[in-house]
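Written below as structure tokens is the structure these notes are about.
The values are calculated or read from the model by the stated rules, or taken from the named source; none is laboratory data. Worth saying up front: this structure is predicted, and the values here are computed from it rather than measured. All Cβ positions, glycine included, derive from the backbone under ideal geometry; neighbour counts span all protein chains shown. The area values use the complete protein model at the heavy-atom level, side chains included, leaving out ligands, DNA and RNA. Shrake-Rupley method; radii C 1.70, N 1.55, O 1.52, S 1.80 Å.
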Amino acid sequence: SGPRLQVPRVPAVTTDDVKAMILNGTLSVDASLIEHCTLACPTHHSHGELLVTEVAVTLSHLKAAEMAAASGADHALILEDDVHPYRSLLAEAPELLHSAPPNWSALQLITTSTLGLLQLASTQEAFAPWQPRFYSMAAYMLSRRGMDELSRLYGSRNFTRPVNSTDGAAGLQTESLVFGGLPATSVHTCSRFYFNFVDCPTTIHHMAPNASHYIVSNMKWQIDFLDVHRQRLQRAGMSGPGFHLGLLLDAYGESTADKAAGSLPFPRPHFRRVAQTAPPSQRLAEPMDSLQPGPDASMAPPMENRSTNSGVPPTLPLDRQSGDKPPTFLAMTTIICKKGRNGFKGEIQSIANSMRALQGQHYNWTVFVIVGDQKAADRKACAALEKQEEMHWPNVKVVYRATPGRFSKWVYYTEEINEIEKFDYLVVFDADMGLSTFNWPEFWSRRRLYASRFGDVPVVGVLRNETPFHPLRSAHWTECGRDAVRYVESDFVEQWFAMLSGSFASWFMHRVVDVGLIEEQRNLGVDWGVDGAWCAAAAEWAGREAGCLLVTMDMYHGDTKSLKQDISFHQNGEHLNNIWWTRIPQWMKYSEVWLGAFFQDVSFKCSPVGVEERYHMPPQLRLDVPVVPTGPPAGNKHKSKDGDEDSGGSYAEKKDGNSS
């Protein structure tokens, strides 16, 4: 009737077992063992101290590996109790093994690391080299090579810190010993999501009642991220090179797994399930098959779409079949024509260079030229611009508008609402943005990768060299190991440059015109609020929970500061933002984390718990997931920066009267 899965349960090694082994000399640990943390646990690690529970977890995993080796299996799948698989893993398991790198010893299948998940989501290959920050032993596979190597390394149960180690006892945690102990080029992490975590407040880092800190353990962001992206993988059909991948792991009770195994078309694997460390009284009472199969992403209810009467999400350009006609673009910008203005000639040349660089790419251009009075507008009195050959090309439209003072570009862009919807994309850019020097092939490569994995998105932004928002600066992505992240979903992208779906842009502009916001911009002479609202609007329009994508590539910004930003400018901008909140609060709430202190505080950029990597935070999670300092940027370190991502935990210092 077909192969069947072996799903034995591995009894956990308890803290009592660890203490007994230390006493009888069968276990040696190069650290001072402690029962509880009185400080943030990473601080104890830096002091050369290790929790007894951490040692017990390591021994439990080594025990599972040894049981698998003794069975004679070529491969073992080892699971902890707090994960569940997606059912589609069963059908895709053969491809997973087939696509694994040669000579692998371990394949990590899930990580708690926020930054790790973002990196894996932007990886084209099925597997990425394992990195120390890819925390979690919750689900992984071992080859025979890996089992034998772990037995050689730790068969004597002698855990020693590496020579010249500077991280104290942190190198004796389970990931460091198991994955870090195996040959570096033989350990890989799967970039396709086949598992998720059970939402329970489990952590092996036990805090003492009199501890100076308490731990907030929360996996809701990771659980939501994995569920959402797994659903999108199902909808996208996982098409593209190496996208048909899968994996089946235990996490069910034995009888359920046996029923599922009837159609498993590859040699019989040996799956191991590790019980989490618990006090003996709890461990003995724990049910054998307490975890149920995870939901099949293909059976998940469709996300609500509020933008069309039919309820069917609109088709975005990159969701089309490759045989369709090439996409069309309408690029729009404004330029202030004022003789002697700083940067004026450079802006004209920048626009002309952009037109030349993108010639033949199906671009049309609309340039709004702002002059001081209506007579100058009627005469088209901008000689320096009119001298540019490119401004007279048939695909270029130059429109003169009279504005004696400050203005909002959206007042003029909305004049073209009906024209915008004829194009696949609307590109809005400031005149001093360097479209001509931008690496467009790489940009499209990243966009297509995202779309092939997770579907297209209505709004896309990039980085620039000057912005108050640190994640929108290029330097942010060269720090803290972020350089391999090619894109992230985001709740905010700036309007200096953005590429919008043409049909979405037209719909969005109609909405903001209808509620009177463009008229408010006309009266106040500022364009604030548009980029604070469009990510939520895009999510609503497209029937997605994330409406914007930030491609982590830098576009040159000349920053000629053509608009004077004095006190009245900022006062008008703040007043306009308040009006946006009054008229469309459901959209503005989406970006409030970005527009608050959090992403503008230079001191909060490389936290070990990774909360600053949550560039997209679904509103429904914001009450549960600890994310932001609520005060203004202070320039000093935040009290909750200590953390350990392996348990999704962050540590906060207790205040007087707080309990643990």
Review point. How would C606, C548 rank on accessible area, largest to smallest, probe 1.4 Å?
Key: C606, C548
Exercise for review: Count the net charge of all other residues whose Cβ sits under 12 Å from the Cβ of K220, scoring Lys and Arg as +1 and Asp and Glu as -1.
Suggested key: -2
Point to revise | Charge tally in the Cβ shell below 11 Å around R622, where Lys, Arg are +1 and Asp, Glu are -1, R622 excluded | key: 0
Review point. How far apart, in nm, are the 7 Å Cα→Cβ label points at A20 and N164?
Key: 4.1 nm
Study note, to complete from the structure: Semi-axes a, b, c in Å (a largest) for the range 41-162, each sqrt of 5 times a Cα gyration tensor eigenvalue, come to 25, 20, 14
Practice item. Could you check the simple spin-label distance between H575 and E415, using points 7 Å along Cα→Cβ, in nm with one decimal? Key: 2.5 nm
Check your understanding: Tell me, what does the Kirkwood hydrodynamic radius of the range 118-227 come to in angstroms if you use every pair of distinct C-alpha atoms?
Key -> 16.5 Å
Point to revise | Among the listed pairs K339/K422; K19/K63; K380/K422, those beyond 24 Å (Cα-Cα) | key: K339/K422; K380/K422
Check your understanding: Counting only protein chains, not ligands or nucleic acids, how are M433, M207 ordered by accessible area (probe 1.4 Å), most first?
Key -> M207, M433
Practice item. Extending each Cα 7 Å along its Cβ direction at H98 and K380, get the distance between those two points in nm, one decimal. Key: 6.2 nm
Point to revise | Debye log10 I(q)/I(0) for the range 434-591, one point scatterer per Cα, at q = 0.10, 0.15, 0.17 Å⁻¹ | key: -0.39, -0.87, -1.10
Review point. Ignoring ligands, DNA and RNA, how do T43, T189 rank by accessible area with a 1.4 Å probe, largest first?
Key: T43, T189
Point to revise | Residue-normalised accessible area of the range 31-108, given per residue in Å² at a 1.4 Å probe | key: 33 Å²
Review point. Local charge sum around G547 (other residues, Cβ-Cβ under 10 Å, Lys/Arg +1, Asp/Glu -1)?
Key: -3
Check your understanding: For S212 and T582 in the same chain, what is the full-extension length gain: residue separation times 0.36 nm, less their Cα-Cα distance, in nm?
Key -> 129.0 nm
Check your understanding: Using only the Cα atoms, what convex hull volume per residue in Å³ does the range 1-88 have?
Key -> 154 Å³
**Study point:** Descending principal axes extents, the range 356-409, alpha-carbon based, whole Å
**Key:** 36, 24, 14
Check your understanding: Taking the C-alpha atoms of the range 459-516, how large are the radius of gyration and the largest Cα-Cα span, Dmax, in Å?
Key -> 14.4, 44
Point to revise | q = 0.28 Å⁻¹: log10 I(q)/I(0) that the Debye formula gives for the range 438-484, counting C-alpha atoms only | key: -1.09
Exercise for review: Can you tell me which of 359-367, 108-116, 550-558 comes out highest on packing, and rank the rest after it, using the mean Cβ neighbours within 10 Å?
Suggested key: 108-116, 550-558, 359-367
